[in-house]
Amino acid sequence: MQMALPIFFIFTVYAVINAQLPLFLTAAGYTVTEVGILLAVFECFGTFCTFLLTPVVERQKNYGLPLLLYSLLTLILPLPIIGIHHFTIAAVALGLYAVGYRGLVPLSDAIVNNVLADKSSDYGKVRAIGSFSFVIMAIILQIFGDVRKETRVQMILWMSVPAFCTCLSCFAVPGLMTGKTGVPREEPGKKRERSSFRSELSGFPAEFWLGIMITFAAFLGTSPISKFFSLYVTDSLHINAAPVLWALSAASEVPFMFFSGRLIRRYGSARLLIPCTACISLRLIVYILFPSFAGALAGQLLNSVTYGIFHPAAIAFVSEHCPPDKRITGLTLYSVLSNGVASIIGSAAGGFIIDNSGYPLLFFSFALFPLAGIAIFYIWRRCHR
């Protein structure tokens, strides 16, 4: 539980961005198509820049300093993103912000897994703290925030105050800033050698890349939810309930995430990924069939499976199928290639589809991707028995 405080505050940052960033951008005067493009830039920078920085971070003997630097980016950059109404400036600032935002979770995940060592299946218990803080922050947003009435200064503070707390929390973990906590355990007499970027990506088995494929299909299915759900609730359902729906979504995942270790030990991470991925398609269909508050609530509660079990199972799968000294690389590949690339595609296509065809077509088209991922998974397994 050494990383409890940083994880708590990291996910308060995530709560604000998940629930409010698209609304903040529309309140700043951008159209839905422009918001989609800005979110795609956000994901593109966060995906590929974080990916390129990973080998540099991996070679460090102190993971606390990179975690602090990522936090500082999320603290400083809300000012130009919201404070200056200029599309190019917003795009560049969002891109740089995304580097810090996208870097926080895989790096903190790697630190946690290095601390847990052989008990990585207990990751869900630690990660449940993040879900809990996400819920608290979303409730605070629902009670005290209303993007339709907020000034730019207020929106900047919503983004920057949690980031400031994250920066401070890095100093609260004993040994984190001095490199004594969270780094891989080295074998006696073995020196860490400098390696090329290509060598950092080598040594991963085929099963690892299969996991990346199915989690990519899963995250592609969830990208309309993560990027446009708040706009869907506000603009299509015409209710001011996005933060509380995000809070209920995160709350539903907490018990499942906390006990996910037992499920992983009993059934295995790979076996859990399949039904969780199928539930993503079900979740999207629910939004189509029941375009109401009740339907939105039912879909959000399915997050208990589509993230509460899915994410710990995916983290366990990645940790099981990558060398211990490349755990940050493996987790970043998961974050970048699975989540990041899927979010880029979903953001870029989503805004265009909404403006031209509406939310039902958006949800239906993206519901097909998780099913395709499951089919490919079974075909690959059958061919490699």
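The values are calculated or read from the model by the stated rules, or taken from the named source; none is laboratory data. Only a predicted model underlies this, so the values are computations on that prediction, with no experimental measurement involved. Reconstructed Cβ throughout: ideal geometry from the backbone, glycine too, with neighbour counts over all protein chains shown. Areas reflect the complete protein model, heavy atoms only, side chains present, ligands, DNA and RNA absent. Shrake-Rupley method; radii C 1.70, N 1.55, O 1.52, S 1.80 Å.
For segment 68-89, name all the residues that are open to solvent by less than 70 Å² (accessible area, probe 1.4 Å), within 25 Å of Pro106 (Cα to Cα) and either more than 18 Å from the chain's Cα centre (by Cα) or touching a residue at least 60 places away in the same chain (Cβ under 8 Å) (or both).
The answer is Leu68, Ser71, Leu72, Thr74, Leu75, Leu77, Pro78, Ile81.
Scan segment 70-102 residue by residue and report those that are of a type outside the set (Phe, Trp, Tyr), in a helix (DSSP H, G or I) and under 11 Å from Ala163 (Cα atoms).
The answer is Ser71, Leu72, Leu73, Thr74, Leu75, Ile76, Pro78, Gly100.
Can you tell me which of Ala128, Ala138, Ala117 is open to solvent by 20 Å² or more (accessible area, probe 1.4 Å), in a helix (DSSP H, G or I), among the small types (Gly, Ala, Ser) and at pLDDT below 90?
Ala117
Would you point out which residue out of Ala4, Ala28, Ala40 is modelled with pLDDT under 90, within 26 Å of Arg148 (Cβ to Cβ) and either open to solvent by less than 10 Å² (accessible area, probe 1.4 Å) or more than 16 Å from the chain's Cα centre (by Cα) (or both)?
After ruling out the rest, the residue left standing is Ala28.
Quick one: in segment 176-191, of everything that is within 14 Å of Ile111 (Cβ to Cβ) and open to solvent by 90 Å² or more (accessible area, probe 1.4 Å), which residue is modelled with the lowest pLDDT?
The residue in question is Arg185.
Would a scan of segment 92-105 turn up a residue that is open to solvent by less than 10 Å² (accessible area, probe 1.4 Å), over 25 Å from Lys227 (Cα atoms) and out of contact with any Leu (no Cβ under 7 Å at 6 or more places or on another chain)?
So far as segment 92-105 goes, no, none of its residues is open to solvent by less than 10 Å² (accessible area, probe 1.4 Å), over 25 Å from Lys227 (Cα atoms) and out of contact with any Leu (no Cβ under 7 Å at 6 or more places or on another chain).
In this structure, does Val173 turn out to be over 30 Å from Phe364 (Cβ atoms) and at pLDDT 80 or above?
It is true that Val173 is over 30 Å from Phe364 (Cβ atoms) and at pLDDT 80 or above.
Report whether or not Arg283 is at pLDDT below 85 and either assigned to a helix (DSSP H, G or I) or surrounded by 24 or more Cβ atoms within 10 Å (Cβ to Cβ) (or both).
The answer is no for Arg283.
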